[in-house]
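The values are calculated or read from the model by the stated rules, or taken from the named source; none is laboratory data. These numbers come from a predicted model, not from an experiment. Note: ideal-geometry Cβ built from the backbone for every residue, glycine included; neighbour counts use all protein chains shown. All accessible areas refer to the heavy atoms of the entire protein, side chains included, with ligands and DNA or RNA removed. Shrake-Rupley method; radii C 1.70, N 1.55, O 1.52, S 1.80 Å.
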Amino acid sequence: MIRATQVHGQHRWNDPPADTVVLDFDDRHRRRVAMIGTRGLEFLLDLEHAIALRGGDALVLDDGRLIEVVAAAEPLIEIRGVDPQHLVRLAWHLGNRHLPTQIMPKGLRIRRDHVIEAMVKGLGARVIEIEAPFDPEGGAYAGHAGAAAAGALQHAAHDHGAHDHGPHHHHDDHRHDEHCGHDHHHHYDHSHAHDRK
């Protein structure tokens with residue numbers, strides 16, 4: 001079976017892919033696993049170390065062909081705060097529970113969890129159930145993801161306060177960080193991972 005032993009990061013490849021794999025968050029953190037692309041190409045992902053793949057990466061086959069990685073949509077909740085300081089507090093609680101957390105322009109995204117949903121609602125958050133690709137801060141390193149979210153949002157809150165010199169108001173679409181949070185939708189069938197070792 002042909003192997004994929006290298007990864008080209010997002011926006012660092014231009015050749016058309018030979019096939020595509022659509023993977024959820026868990027399946028994007030593997031070292032060695034057999035995969036089948038959406039067009040039927042079978043190959044073995046065989047990396048030296050497990051890395052967190054992101055949507056837009058390309059796996060490099062032994063013969064030089066590329067396999068595009070697409071992040072699959074999965075059930076998530078988006079957590080909204082009443083202001084940046086409230087969102088920082090919510091992010092701290094997520095980080096304290098070592099939850100992978102994705103920073104969005106207007107909130108935080110985590111995988112659906114009824115216990116956490118009840119907790120953040122109790123803290124005054126608004127919760128929206130969505131289906132979207134999940135690309136948390138820190139990739140698969142859940143222990144640091146929530147802390148990264150809190151840190152980034154702390155800067156956002158600080159910046160917000162720093163330029164609030166009068167009684168003017170900021171609208172909800174004011175963005176404070178470089179994470180655009182756009183969902184890139186691809187219409188592919190899901191690939192299959194056969195060996196999660």
Inset, instruction - Out of LEU53, LEU59, report the one residue that is modelled with pLDDT of 95 or more and not aromatic (Phe, Trp, Tyr). - result: LEU59
Inset, instruction - With the checklist (1) under 30 Å from ASP19 (Cα atoms); (2) at pLDDT below 95; (3) touching a Pro at 6+ places or on another chain (Cβ under 9 Å) in hand, flag the one item LEU99 doesn't pass. - result: (1)
Inset, instruction - With a cut-off of at least 1 residues that are crowded, with 16+ Cβ neighbours inside 10 Å and over 18 Å from the mean Cα position of the chain (by Cα), name the strands (runs of 3 or more DSSP E) lying wholly within the stretch 37-119. - result: 42-52, 58-61, 66-71
Legend entry - Residue in the stretch 17-27 that is modelled with pLDDT under 95, open to solvent by 50 Å² or more (accessible area, probe 1.4 Å) and either under 11 Å from LEU66 (Cα atoms) or not in a loop (DSSP other than H, G, I, E, B) (or both) present: yes
